[in-house]
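Asks: Quick one: the structure is below, questions incoming.
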Amino acid sequence: MGENYSVLSTVLIAAFVFIVLLAKSLQNQRKKSYKSASKLPPGGRSWPLIGDGFKWYAAVAGSHPPSFVEDQVKRFGSIFSCNLFGKRAVVSADPTFNRFIMQNEGRLFQSCYPKAFRDLVGKDGVINVQGDQQRKLHKIATNMMRLEKLKFHFLKDIQMVMLQTLDNFHENEVILLQDVCRKVAIHLMVNQLLGVSSESEVNEMANLFSDFVDGCLSFPINLPGFTYFTAMKAREAIISKINRTIEKRRQQQVPDSGNGVLGRLLEEENLPDDAIADFIINLLFAGNETTAKTMLFAVYFLTHCPMALKELMEEQENFSNKRADQMLTWEDYKAMPFTQCVIDETLRIGGIAIWLMREAKEDVAYEDYVIPKGCFVVPFLSAVHLDENLYKGATDFNPWRWMDPENQEKRNWRSSPVFAPFGGGARFCPGAELARLQIAIFLHYFVTTYRWEQMKEDQMSFFPSARLVNGFQIRPIKRNGNKFKFVNFFFNENKQLKYHFLSTPFPYNIISN
């Protein structure tokens, strides 16, 4: 009995000592955490786990995404902390700090996206990879979209795609312009990346990418009926198509296999097939989202700003009248100053990259703050683009603001801290120039071929992806003398899509094998 009492006493004493040491350790951790937290930018405390998520998502699901950020800025300043995605986060509406984050990509900060997004874009994609591999893939993408390629390769292809896809509206037909823009954009990207022009394949890819994009910010529940499950199935189908195209290209071994980015990747780069597939799906995703939504939002804004639409029409009709039997040249594209203003203003108000997701790789000192390693960091670009202190009438669609000499420095979207629709630093969008070219060409053909009537009220939303809530229902009506009537498309003996202009009006025909 005495021995048992002695053993029990020893166990109790040991347990007591353990509890004391544990409590002291937890207290030290709390002090350390508090000390670290006290150096974070100021911010409110919200509910555990839930945090500020509901307020955040309510804001980005509306037509004015920075509304939550603006409320916090009024209380705490342009750099503040809050609880997002289950942990403490630093959010910035400060253009200088945003640029600091982007310029220190890979050194102090790294990309950090939700699991669903990472799974869908792929572990080997340029959006996900870090360090040397990211720099390598980014350089490949940039080389694929050099200025010379835009001038001598993409320009004609873009116009051929526009001519193929923008003349399919029936008289008095009500269309969802959102679906049309998605189809145009995916057709452009599939054509330029994979060298594919088949209408059936384009339609299938458009539907797959619609499911794919909807899943990017979903809960990663991989069960039937959930958005993530549907998106992952769409990814599998897209990857399967890319792999079949890779195999087909290798089997053909023809001299023109370099057509499209995929062909050049196979010829010029030494990448495994999995990396090539993820690389292509990343470019398809990035290019499709940016181009489709900017084309859509541009028409939406122009519809509600008749003066801007009138000036754009006058500029574009000069090219339409000048070349009724020819395609636009690079010189034409560079001679569209007001069109470029419309694009910039659309990107400022309705830019797709409204915020970036980053994580501190180490403790980062900035001004009086210390951002601890692993902390989630969010440069909120849209809050800067819609800052009344930087842009007078910030929420108004005013393309003429970009003609003001005072705004020329702001307008340099490659280096401006206050206008960054394509990001910046090591992850600056490699397809920025290509996207702008596509949008300008779309606006040219759309506004010179159609006038339109909006059939239903609509508004923007940016969650789970940028869109117009009702799809922007319009009734397009053809203008007289549009050039679409004079084009005929055909495939040559090498199955390349070609065209020629007809001397008399006749509906064009796509001849497929």
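Asks: Could you list His138, His170, His304 so that the one with the fewest beta carbons within 10 Å of its beta carbon is first and the one with the most is last?
Replies: Working: His138 17, His170 8, His304 11.
Ranked by crowding around the Cβ, least crowded first: His170, His304, His138.
Asks: I've got another one for you. Starting from the 7 Å offset along Cα-to-Cβ, what nm value, one decimal, do you get for the label separation of Asp396 and Gln326?
Replies: 4.0 nm
Asks: Only Cα pairs under 8 Å and at least 6 apart count here; give the relative contact order of segment 344-392 as a rounded whole percent. Show your work: numbers first, answer last.
Replies: Details: 56 pairs, mean separation 18.9, N = 49.
Dividing the mean separation by the residue count of segment 344-392 yields 39 percent.
Asks: Follow-up. Can you compute log10 of I(q)/I(0) for segment 124-206 with the Debye formula, treating each Cα as one identical point scatterer, at q = 0.18, 0.23 Å⁻¹?
Replies: -0.88, -1.10
Asks: Using Cβ contacts closer than 10 Å as the measure, can you line up Glu289, Glu199, Glu311 from fewest to most?
Replies: On the way: Glu289 21, Glu199 14, Glu311 18.
Lowest to highest Cβ neighbour count: Glu199, Glu311, Glu289.
Asks: Quick one: grab the alpha carbon gyration tensor of segment 198-348, order the square roots of its eigenvalues as a ≥ b ≥ c, and give me rounded if a/c is under 1.5, else prolate or oblate depending on whether a/b is larger than b/c. Present the calculation step by step, with values, prior to reporting the outcome.
Replies: Details: a/c = 2.77, a/b = 1.42, b/c = 1.95.
It is oblate, given that a/c is not under 1.5 and a/b is not larger than b/c.
Asks: Please list, by residue number, everything in segment 293-310 whose backbone N is under 17 Å from a paramagnetic label point 7 Å out along Cα→Cβ of Arg451.
Replies: 302-310
Asks: Full extension from Asn389 to Asp179: what is 0.36 nm times the residue separation minus their Cα-Cα distance, to one decimal in nm? Please list the in-between numbers first.
Replies: Numbers: separation 210, 0.36 × 210 = 75.60 nm, distance 3.58 nm.
Going from the current span to full extension adds 72.0 nm.
Asks: Here's another thing I want to ask about it. Among the listed pairs Lys115/Lys334; Lys123/Lys241; Lys123/Lys334; Lys87/Lys241, which are separated by more than 30 Å between their Cα atoms?
Replies: On the way: Lys115/Lys334 41 Å; Lys123/Lys241 18 Å; Lys123/Lys334 38 Å; Lys87/Lys241 38 Å.
Beyond 30 Å: Lys115/Lys334; Lys123/Lys334; Lys87/Lys241.
Asks: How do Lys248, Lys151, Lys183 line up, fewest other C-beta atoms within 10 Å first?
Replies: Starting with the residue having the fewest Cβ neighbours, the order is Lys248, Lys151, Lys183.
Asks: Two decimals, Cα atoms only, Kirkwood Rh: what is Rg/Rh over segment 308-375? Show your work: numbers first, answer last.
Replies: On the way: Rg = 21.9 Å, Rh = 16.0 Å.
Ratio of gyration radius to Kirkwood radius: 1.37.
Asks: Percent relative contact order of segment 44-148, based on C-alpha pairs within less than 8 angstrom and at least six residues apart?
Replies: Values: 82 pairs, mean separation 18.7, N = 105.
The normalised contact order for segment 44-148 reaches 18 percent.
Asks: In whole angstrom, how far apart do the alpha carbon centroids of segment 414-473 and segment 321-388 sit?
Replies: So the separation of the two Cα centres works out to 11 Å.
Asks: Another question, if that's okay. Per residue, what volume in Å³ does the Cα convex hull of segment 178-243 take up?
Replies: Values: hull volume 6.0 nm³, N = 66.
About 90 Å³ per residue, rounded to a whole number.
Asks: Still on this structure, I have one more. Hey, which aspartates and glutamates would be in cross-link range of Lys156, C-alpha to C-alpha under 20 Å, not counting anything within fewer than 8 residues on its own chain?
Replies: Excluding near neighbours in sequence, the set is Glu148, Asp167, Glu199, Asp256, Glu317, Asp325, Glu331, Asp332, Glu433, Glu493.
Asks: Could you give the distance between the Cα centres of segment 123-158 and segment 188-253, to the whole Å?
Replies: 19 Å
Asks: Additional query: Taking one equal scatterer on every alpha-carbon of segment 92-159, how large is log10 of I(q)/I(0) by Debye at q = 0.11, 0.29 1/Å?
Replies: -0.42, -1.14
Laboratory data are not the source of any read-out in this text; all were calculated from the coordinates shown. These numbers come from a predicted model, not from an experiment. Neighbour counts are summed over all protein chains in view; Cβ atoms, including those assigned to glycine, are modelled from backbone coordinates with ideal geometry.
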